[in-house]
Amino acid sequence: MSPDISTSVGPIVLERPTMLASGILGISLDVFGRLYKEGAGALVTKSLSKEPWDGYPNPTIIGLANGYLNAVGLSNPGAPYFAKMLSSNQTIPIIVSLVGSIPEDFTFMIKQFENVKILGYELNLSCPHVEKVGLEVGDDPELVRTIIKSVKKESKVPVIAKVGLGSSDYLKTVSTACESGIDGITAINTLRAMAIDVETGRPFLSHKIGGLSGPPIKPVAVRCVYEISSKFDIPIIGCGGISRWEDAVEFLLAGASAVQIGSAVGEKWTGVFSEINNGISKYMERKNFTKIKEMVGIAKKF
């Protein structure tokens, strides 16, 4: 009998352990449907704000030798518009990513999705290149506590916090999130980085500083998942540099129950989900695992 690759992140149940990461192809219901059919267990939307954001002027993204550097600036059409777009959804497992700077931003946005069929919310507490949101929020434990408690009070679906590496100890952010009733943690977001054109002397990105994604950040992300799993009893979604099934398995062994794929979609397109799912299944069969949960956190035994 084939291994069962379904999994759960706390109360969120997924048919497959691979998810679309926020910010990648994240603003179209049609695209979500296609990715779901191609093997994604869930789709995380682009981070949405209370009102539409234009983001930064081009250039906002550059390809590196082994990854990407981006400072898009969280451009999005706003939560009210996006909620209307998702109102016809009945079957696609969607997690809505939200970004804001005060609790009222988040509670306003949640009200927009009250009658929309979604799996849950992912709170972006870790965007590395937009002021007054993201990491600046995640680095403030009291603000994290207030936001999560406000969201949990209003939300009818599970809530996940996406953490990253800012100016403070990210484990304190995780600890605060757990104490505040969060249902799961996504780790990690992109890392603050930059690149400079040696011919012109100018930074490549209009914003100068951006977020590094792709294979270069995977060892950092695996380490963070391992540390979170070792210190907290909280479901984890691993994110950062996953492009092969071996990468996904590594995150599972470190303590994640599911993984998110972002940059690899740009390289391998929609087939990356089924490719990684099939690789995980064959690995489980070879290692005599029957369920994903049997693999989760094995590395902590050594």
Next item on the list: Mind checking the per residue accessible area of the chain for me, 1.4 Å probe, whole number of Å²?
Entry: 44
Check: What percentage of the solvent-accessible surface of the stretch 203-281, computed with a 1.4 Å probe over protein heavy atoms, is contributed by carbon and sulfur atoms?
Finding: 53
Checklist line | Per-peptide average of other Cβ atoms within 10 Å, ordering 226-234, 89-97 highest first | finding: 89-97, 226-234
Next item on the list: Could you tell me the distance between the Cα centroids of the stretch 184-226 and the stretch 51-65, to the nearest Å?
Entry: 14
Item checked: Additional length obtainable on full extension of the chain from Met194 to Ser6, 0.36 nm per residue less Cα span -> 63.9 nm
Check: According to the square roots a ≥ b ≥ c of the eigenvalues of the Cα gyration tensor, what is the shape class of the stretch 198-280, taking rounded for a/c under 1.5, prolate for a/b larger than b/c otherwise, and oblate for the remainder?
Finding: oblate
Check: From the Cα gyration tensor of the chain, with a ≥ b ≥ c the square roots of its eigenvalues, which class applies: rounded if a/c is under 1.5, or else prolate if a/b is larger than b/c, or else oblate?
Finding: rounded
Next item on the list: Take the Cα pairs of the stretch 63-122, get the Kirkwood Rh, then feed it into Stokes-Einstein at 10 °C and 1.306 mPa s and tell me D in µm²/s.
Entry: 120
Notebook entry, point to check: Taking square-rooted eigenvalues a ≥ b ≥ c of the alpha carbon gyration tensor, is the stretch 1-110 rounded, prolate or oblate, where a/c under 1.5 means rounded and, failing that, a/b exceeding b/c means prolate?
Noted result: oblate
Next item on the list: Given a cut-off of 32 Å, name the pairs among Lys37/Lys301; Lys84/Lys172; Lys50/Lys172; Lys132/Lys231 whose C-alpha atoms lie farther apart than that in the structure shown.
Entry: Lys37/Lys301; Lys84/Lys172
Margin query: Apply the Karplus curve 6.51 cos²θ - 1.76 cosθ + 1.60, θ = phi - 60°, to the phi angles in the stretch 62-72 and return the couplings in whole Hz, x for Gly and Pro.
Written below: 9, x, 9, 4, 8, x, 9, 10, 9, 9, 6
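The values are calculated or read from the model by the stated rules, or taken from the named source; none is laboratory data. Computed from a predicted model, the values in this text were never measured in an experiment. Every residue, glycine among them, receives a Cβ derived from its backbone with ideal geometry; neighbour counts consider all protein chains shown. All accessible areas refer to the heavy atoms of the entire protein, side chains included, with ligands and DNA or RNA removed. Shrake-Rupley method; radii C 1.70, N 1.55, O 1.52, S 1.80 Å.
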